[in-house]
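A.B. asks: Below is the structure I would like to discuss, written out as structure tokens.
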């Protein structure tokens, strides 16, 4: 899970290990990572059948913190694992678990409508992300 800030909104994505979108949440930019993470994980938990085998959530450093981890363990019954860049390294470092989410954001940026924030409602932005992901999955099947 990772949050990405665009013009005046943040996009929170939960993806599986293949990079396919499970749940999306688009919020105002002033919503913090942990609060947005809670909201998107609540949505993910409500789709019980799709995530029945889910046990571990990999997150980046923005979601680090004991209260967030306790909330996820108590509410969702999942384990949170924070994936951080090694401190002794400088510059770009490929982190395989976080790269899955970054790759998904890259795929979505191939859709012109998602590059800029044209939509007035966050729900419309979420819908266009789901539509873009459907298009990406169909192309991969072909």
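A.B. asks: How many of the residues making up segment 56-81 are surrounded by 11 or more Cβ atoms within 10 Å (Cβ to Cβ) and assigned to a helix (DSSP H, G or I)?
C.D. replies: Qualifying residue count, segment 56-81: 11.
A.B. asks: Take the residues in segment 110-131 that are in contact (Cβ under 8 Å) with a residue 24 or more places away in the chain and in contact with a strand residue (DSSP E or B) (Cβ under 9 Å, 6 or more places away or on another chain); name whichever of them is farthest from residue 29 (Cα to Cα).
C.D. replies: Only one residue fits best here, namely 130.
A.B. asks: Inspect segment 7-28 for any residue being assigned to a helix (DSSP H, G or I), touching a strand residue (DSSP E or B) at 6+ places or on another chain (Cβ under 6 Å) and modelled with pLDDT of 90 or more and give the result as yes or no.
C.D. replies: no
A.B. asks: If you take the residues of segment 94-109 that are surrounded by fewer than 17 Cβ atoms within 10 Å (Cβ to Cβ) and free of Cβ contacts under 8 Å to residues at least 60 places away in the same chain, which of them is farthest from the chain's Cα centre (by Cα)?
C.D. replies: The selected residue is 94.
A.B. asks: Is at least one residue of segment 82-92 surrounded by 12 or more Cβ atoms within 10 Å (Cβ to Cβ) and in a helix (DSSP H, G or I)?
C.D. replies: No.
The values are calculated or read from the model by the stated rules, or taken from the named source; none is laboratory data. All of these numbers come straight from a predicted model, not from anything done at the bench. Note that we place each Cβ from the backbone using ideal geometry, even for glycine, and neighbour counts take in every protein chain shown.
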